[in-house]
Amino acid sequence: MIASLDSRSAPFERLGTHYLRFLEALKTRGFEGEIAPDYAQRTVLSTDNSIYQRLPQAAVFPRHAEDL
């Protein structure tokens with residue numbers, strides 16, 4: 001099943017508080033890459049062309065080796 005995209009909800013609305021704290025900690029510790037917590041981006045990344053789908057809580061895209 002592919003989840004429907006609901007553009008009416010805020011990007012952080014469905015994330016748990018511990019995930020939000022983790023994403024904020026990434027930013028404050030100098031993470032310079034992109035953090036994508038929005039539902040649309042997470043849905044796109046939730047499958048690998050198989051029948052299985054696991055919705056991630058966020059997607060992070062490191063900019064350089066220090067972000068890792």
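Could you list all residues from the stretch 39-49 that are in a loop (DSSP other than H, G, I, E, B), on the phi < 0 side of the Ramachandran plot and open to solvent by 50 Å² or more (accessible area, probe 1.4 Å)?
LEU45, ASP48
Name the pairs: first residue in the stretch 22-50 and without any contact (Cβ under 8 Å) to a residue 60 or more places away in the chain, second residue surrounded by 11 or more Cβ atoms within 10 Å (Cβ to Cβ) and in a helix (DSSP H, G or I), Cβ to Cβ under 7 Å, at least 6 apart or on different chains?
PHE31/ASP67; GLU32/ASP67; GLY33/ASP67; ILE35/LEU23; ILE35/LEU26; PRO37/LEU23
Determine which member of the set PHE61, PHE31 is aromatic (Phe, Trp, Tyr) and exposed (fewer than 15 other Cβ atoms within 10 Å of the Cβ).
Within the list PHE61, PHE31, the selection yields PHE61.
The values are calculated or read from the model by the stated rules, or taken from the named source; none is laboratory data. Predicted, not measured: the structure shown is a model, and the values here were computed from it. A quick note on method: Cβ atoms are made from the backbone with ideal geometry, for glycine too, and the neighbour counts reach across all protein chains shown. We work out accessible area using only protein heavy atoms, side chains counted, and drop any ligands, DNA or RNA first. Shrake-Rupley method; radii C 1.70, N 1.55, O 1.52, S 1.80 Å.
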